1. Stick to Cα atoms and the Kirkwood definition of Rh, then tell me Rg/Rh for region 6-120.
2. Counting alpha carbon pairs within less than 8 Å and at least 6 residues apart, what relative contact order, in whole percent, applies to the chain?
3. When the chain is fully extended, how far beyond the present Cα-Cα distance does residue 25 get from residue 38, taking 0.36 nm per residue of separation?
4. Please work out the FRET efficiency for the pair residue 58 and residue 18, using the Cβ-Cβ distance as r and a Förster radius of 25 Å; give the result to the nearest 0.05.
5. Using only Cα atoms, what is the ratio of the radius of gyration of the chain to 2.2 N^0.38 Å?
6. Subtracting the Cα-Cα distance from 0.36 nm times the residue separation, let me have the gained length for residue 169 to residue 80 in nm, one decimal.
7. Report the normalised scattering of region 154-220 as log10 I(q)/I(0) at q = 0.13, 0.26 Å⁻¹, calculated by the Debye formula with identical scatterers on the alpha carbons.
8. 222 nm [θ] for the chain, helices only, -39500 (n - 2.57) per DSSP H run of 4+, per residue, to 500?
């Protein structure tokens, strides 16, 4: 059985707290670090360990054993210098994977230069997802993978009920691939071509953004 990963989260604003608590709820060991003692007290009951510390203090991070963590999440949003220093120190201390939150494209480039393995813009990504959801009447959910490709959930319409995936031939007709079919809480991964669609089914498909837009425009 694979070893459970250990996580350290630097910065406990809304994003950092959400990440730390979600990881903890999923059974992960989480060390949460922030300068604000009140925030540390608030989150302490929800994570494995919560410590008040300056994330730019190398000695403090050494004493906390940061080198022993598998993943560091640098969730600092209001102090670019602290964000960059925390990323540098985490990598120098041997953390295998560092995910960092950026304020803007310049901040992103700097974080990548100093060793961040992945840099994200949570607010921007959520904004894109919400915007795509509200303009796409047929899409239950929409996750943009890149500028060119996305995964969407499409509710099965009346014209598809009772038909098989082979009959619909979505790959040829729309240029998308069906990854799974969701029926309430149940999900069928990589369904066969003879799978018959039922009312209430939701298709999880992947395809180019151009093809997905065409599906929406055609009102499937």
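1. Reported Rg/Rh, Kirkwood definition of Rh: 0.93.
2. Numbers: 402 pairs, mean separation 28.7, N = 220.
Averaging sequence separation for qualifying contacts and normalising by length gives 13 percent for the chain.
3. 2.5 nm
4. 0.35
5. That works out to 1.27 for the chain.
6. 27.1 nm
7. Normalising to I(0) and taking log10 leaves -0.31, -1.32.
8. Rounded to the nearest 500, the figure is -10000 deg cm²/dmol.
Since every read-out is calculated from the coordinates, none of them should be taken as a lab result. Every value quoted in this text rests on a predicted model; they were computed, and no experiment measured them. In this analysis, Cβ positions are derived from the backbone assuming ideal geometry, glycine residues included, and neighbour counts consider all displayed protein chains.
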